[in-house]
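Colleague: Before anything else, here's the structure in question.
A short reminder: the numbers here are calculations on the coordinates, not readings from a lab. The structure presented is a predicted model; accordingly, all values stated were derived computationally and were not measured. Positions of Cβ are backbone-derived with ideal geometry, glycine not excepted, and every protein chain shown enters the neighbour counts.
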Amino acid sequence: MSWAFATSFEVEVLSYGHLPLAYSARCFTARSEDRPKDECETCCIKYPNGRNVLSQENQQVFVLNGIQTMSGYVYNLGNEAGIHAGTG
């Protein structure tokens, strides 16, 4: 792939935080509280940092925040910014 093609797009890079992995039409927070879709009542407000999903080994795998599934760990790519600064 030529760099001319690669530089013709704007790119946004998430450099700190939980990485977004997936979105759903159904609110996971409401589902975890056994609420029907129509009666969510923004129950996710009670969990400003989302709800942790643990593995069988009791390790944090995902964070569910409303309709978003995010990585279980917080990532910091601040040290990598200089490496990729000139690529686009």
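Colleague: What are the ³J(HN,Hα) couplings of the range 42-49, residue after residue, when phi is run through the Karplus curve with 6.51, -1.76, 1.60 and θ = phi - 60°? Round to Hz, x for glycine and proline.
Modeller: Working through the residues one at a time gives 6, 5, 5, 4, 5, 10, x, 9 Hz.
Colleague: Report, in debye and to the nearest 20, how large the dipole of the range 23-83 comes out about its Cα centre when Lys and Arg carry +1 and Asp and Glu carry -1 on their Cβ.
Modeller: So the magnitude is around 60 debye.
Colleague: Would you list GLU39, GLU12, GLU80 from fewest to most Cβ contacts within 10 Å?
Modeller: Lowest count first: GLU12, GLU39, GLU80.
Colleague: Right, next: For SER71, which sequence-distant residues (separation of 5 or more, or a different chain) have an amide H within less than 5 Å of its own amide H, given hydrogens modelled in the peptide plane?
Modeller: When sequence neighbours closer than 5 places are left aside, the close amide H contacts are LEU19, LEU21, VAL63.
Colleague: Determine the gain in length on full extension of the stretch SER71-ARG31; use 0.36 nm per residue of separation and subtract their C-alpha separation, reporting nm with one decimal.
Modeller: Difference between extended and current length: 12.5 nm.
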